[in-house]
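Throughout, read-outs are computed from the coordinates displayed, never taken from laboratory work. Note that the coordinates shown come from a computational prediction; the quantities given were computed from them, not determined experimentally. As a convention, Cβ positions derive from the backbone with ideal geometry for all residues, glycine included, and neighbour counts pool all protein chains shown.
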Amino acid sequence: MLRVLAVDDEEPALEELLYLLRSDARVHSAEGALSATDALRRIGGALDAGADDAAAVDVVFLDIHMAGLTGLDIAQLLAGFTRPPLIVFVTAHEGFAVQAFDLKAVDYVLKPVRRERLAEAVRRVAELVGDRAAPVLDPANDQIPVELGGVVRFVAVADISYAEAHGDYARLHTADGSHLVRVPLSVLEERWRSRGFVRIHRSHLVALDRIDELRLDAGSMSVRVGPAELQVSRRHTKALRDRLMRRPAP
């Protein structure tokens, strides 16, 4: 159940957004703020008292164009918190999407807000908040704790075909599905190198023994891992080819 703060300096737009959020069963509470100052006060409590934990708010739905500090400014300030809330931008302007995702926004919802589109943003937030509450991942272990529908289960590293970067998270792909865990791909690369995993792209880390095919097309390389075809970046092409050549024959 999510604790939500919506921020918009236009009261009718804020009331409409709060109405939609409060009608979503995954939202425990939804409060509103009409200014950046009010938003920061609600999120962090008394900032001058050193409150740097935003645990009281799971996610902030932020307008971008506001008087005074913009939504982008607020997101930058929140990034300095120990546990910043997740950010979803809600705006009438398409032109700030790149900046929004540079700030690790979960989603970017365009106005006028449609109920179905907002529900998708809430779903993404709920998934990430659930992973925050899951046991902290130690990549050195043979099994990885993952949260699924409120239940923690363990996935064996040996069952993972490849991992995909999602900002500070990684999505682990197995034959049975995928699981989002709170650990950067760079950490998995370092810890799982001795387990036969190799980086093939800034977005993908692959188990060598799960590579079924290596494909070359007009100078570019890709690999097939089960049903997935993954691009190999030029930076990683030689290292991957060398590792595959050294791989013992089955």
* Asked: Of Val183, Ser194, Leu110, which is farthest along the charge dipole of the chain in the positive direction, counting Lys and Arg as +1 and Asp and Glu as -1 at C-beta?
  -> Ser194
* Asked: With N residues in the range 200-250, what two-decimal value do you get for its Cα radius of gyration over 2.2 N^0.38 Å?
  -> 1.05
* DSSP bridge orientation in the chain - percent antiparallel, rounded to nearest 5 -> 65 percent
* Contact order normalised by residue count of the chain, Cα under 8 Å, 6+ apart, percent -> 10 percent
* Rough spin-label spacing in nm, given labels placed 7 Å along Cα→Cβ, for Asp176 and Arg243 -> 2.5 nm
* Asked: What is the spin-label model distance, in nm, from Leu69 to Ser186 if the labels are put 7 Å beyond Cα along the C-beta direction?
  -> 2.7 nm
* Structure fact -> One would report the Cα pair-distance distribution of the range 155-247, bin width 10 Å, in %, as 17, 55, 26, 2
* **Amide H within-cut-off set for Gln143, under 5 Å, with H built and near neighbours excluded** => Val157
* Structure fact -> Computed from every Cα-Cα pair in the chain, P(r) in 5 Å bins starting at 0 and rounded to whole percents is 1, 6, 12, 15, 14, 13, 11, 10, 8, 5, 3, 1, 0, 0
* Rounded to the nearest 0.05, what FRET efficiency do Ser194 and Ser222 give with R0 = 30 Å and r taken as the Cβ-Cβ distance? Could you check? => 0.75
* Note down the net charge around Glu229, summing +1 for each Lys or Arg and -1 for each Asp or Glu among other residues with Cβ under 9 Å from its Cβ. => +1
* Computed lengthening from Glu213 to Asp159, 0.36 nm per intervening residue step minus Cα-Cα distance -> 17.6 nm
* Structure fact -> Residue by residue through the range 92-99, the couplings from Karplus 6.51 cos²θ - 1.76 cosθ + 1.60 with θ = phi - 60°, in Hz, x for Gly and Pro, are 8, 10, 7, x, 10, 4, 5, 4
* Estimated FRET transfer efficiency when R0 is 30 angstrom, pair Ser233-Arg114 (beta carbons, to 0.05) -> 0.25
* **Inter-probe distance in nm under a simple model that places probes 7 Å from Cα toward Cβ, at Ser29 and Glu94** => 3.8 nm
